[in-house]
Amino acid sequence: MSATIIDGKAIAARVRAEVASEVKAFIQSTGRTPGLATVLVGEDPGSVVYVGAKQRACVEAGMTPFDHRLGAGVSFEEVAELLGRLNEDQAVSGVLLQLPVPDQLDGPTLTGMIDPGKDVDGLTPVNAGRLALGLPGLRPCTPLGVLELLRSVDATVEGAEAVVVGRSNLFGKPMAQLLLAQNATVTMCHSRTRNLRAVCARADVLIAAVGRARLIEREFVKPGAVVIDVGMNRLTPEQAGNTSGLVGDVDFTAAVEVASAITPVPGGVGPMTIACLLRNTLDAARHRAGVQ
Ligand code: NAP
C-alpha cells in the first residue's frame, strides 16, 4: 500500500483564497480593513524569513500589514510598551510577537500581554485556558492547520486513537486539546515516554512534533494510520545531498508504505500555519466588529 500524500501547499492556497474573498466581503459590509501587526525583535534568520512571509500573505489576503522591527538589544519595557500600543490601536485586529525573542526578554510574559481578542497565535494564557475549558477563543495556528489537513482526507477523529509526540505549549498541548474536543482518545508523548514505538503503533492518527529528523520509523506506524509530520529539521549539506535539506520527524519513505495518508516535509504542515494565521486575523476582526 502507498499512502495518499496530503498536499499542504494546495490546501493552504485554498484557505488563503477563501480568506481573501471573505476579507473583501468584510470590508464591504463594515468599511473596516482587518490589520495584522507583527513584532520581530532581533534578526534571527529564520524569524526574519517567517515574518516576511506573514507580512506578504497579509497583503495578498487584502489585510493591512503593520511590520514592527526592534533591535536585538531592546528592553522588556520597550517591547511591552509597543504591545500595549498595538492592543489599543483600532486599525490592528491581530498582534503577533515572533518567537523566540532574545535571551534578555521573557517571551511567555510578553506574549501574555497581548490582548486575548487580538492574540492571533492563540498563545496567551487566556486563550490557552479557554481552549482547555472548551470555551470559544483564538486557537494556535499550526494545530488548526493540522485539523484542516485531517479534514482534507476525511480522517476519522471521533473515537480514534490519536497520538501526539511532543508537548510544547506552541503545538503539542493545544493539538491534543483540539483532538480531545473532537472526541479522539488522545495520548501525548514526550522525551520521557517509555516505549514510544509501541505507543505510536496504536495510533489511528499519529502526529509528530519533536524536532528530531526521522525519529518516527516504519514500525511506529500502524497500517492505515493517518500520519501528520510537523517537524522541520535542517540537514547539513553533506546529509542533504541533492534534496531540499529539510526533513520531518517521520521517515517519510518508510512510513508512506504503511500509512493511509501522510504529509510530506516540506509542503505539508508548514504552509498551513500562515493560512490559519490569516483566518485567525479575520476572525479577530469579525469578533471586534460584532459580525460573524
Ligand atoms: P519543542 O518545544 O522543540 O519540544 C519538542 C518536544 O519533543 C518536547 O515535548 C520533547 O519532550 C519532545 N521530545 C524530544 N525528544 C523526544 C524523543 N526522543 N521522543 C519523544 N519526544 C521527544 O517543540 P515544538 O516547538 O512543538 O517543535 C517541534 C518541531 O515542530 C520542530 O521541528 C519545529 O520546527 C516544528 N514546528 C513546525 C511548525 C510549522 O510547521 N509551522 C510549527 C511549530 C513547530 P520534553 O517535553 O520531555 O522535553
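The values are calculated or read from the model by the stated rules, or taken from the named source; none is laboratory data. The structure presented is a predicted model; accordingly, all values stated were derived computationally and were not measured. When we count neighbours, we look across all protein chains shown, and the Cβ atoms used for this are built from the backbone with ideal geometry, even at glycine. Heavy atoms of the whole protein, side chains included, go into the accessibility calculation; ligands, DNA and RNA do not. Shrake-Rupley method; radii C 1.70, N 1.55, O 1.52, S 1.80 Å.
Selection within the range 153-172: residues that are open to solvent by 40 Å² or more (accessible area, probe 1.4 Å) and among the hydrophobic types (A, V, I, L, M, F, W, C). The member of this set that is farthest from the ligand (Cβ to nearest atom) is V153. Here the range 23-39 is the region considered, the condition is being assigned to a helix (DSSP H, G or I) and small (G, A, S), and the residue that is most open to solvent (accessible area, probe 1.4 Å) is S29. Among residues of the range 228-242 that are closer than 30 Å to L179 by Cβ and assigned to a strand (DSSP E or B), those with a Cβ under 8 angstrom from a residue that is more than 6 Å from the ligand (Cβ to nearest atom) and among the polar types (S, T, N, Q), sequence gap 6+ or separate chain, pair up as I228/T263; D229/T263. Selection of the range 53-79 for residues being of a type outside the set (A, V, I, L, M), part of a helix (DSSP H, G or I) and without any contact (Cβ under 8 Å) to a residue 40 or more places away in the chain yields Q55, R56, F76, E77, E78. Here M175 meets the list (1) open to solvent by less than 60 Å² (accessible area, probe 1.4 Å); (2) in a loop (DSSP other than H, G, I, E, B) almost entirely, failing just condition (2).
Give me the residue from the range 111-141 that is part of a loop (DSSP other than H, G, I, E, B) and in contact with an Asp or Glu (Cβ under 7 Å, 6 or more places away or on another chain) and, out of that set, farthest from N280 (Cα to Cα).
First pass over the range 111-141, keeping only residues part of a loop (DSSP other than H, G, I, E, B): 112-115, 120-124, 134-140.
Those still in the list that are in contact with an Asp or Glu (Cβ under 7 Å, 6 or more places away or on another chain) too: 138, 140.
Numbers: L138: 7, P140: 9 Å.
Going through the qualifying residues, I end up with P140.
Which one is most open to solvent (accessible area, probe 1.4 Å), of the residues in the range 203-245 that are closer than 22 Å to D154 by Cα and more than 16 Å from the ligand (Cβ to nearest atom)? Checked the range 203-245; the qualifying residue most open to solvent (accessible area, probe 1.4 Å) is P223.
Counting residues in the range 182-195 that are within 14 Å of the ligand (Cβ to nearest atom), open to solvent by 10 Å² or more (accessible area, probe 1.4 Å) and basic (K, R) gives one or more. For the range 246-266, the condition holds for at least one residue, the condition being that it is part of a helix (DSSP H, G or I) and loosely packed, with under 14 Cβ neighbours inside 10 Å.
Just one of (1) crowded, with 19+ Cβ neighbours inside 10 Å; (2) more than 16 Å from the ligand (Cβ to nearest atom) fails for R286. It is (1).
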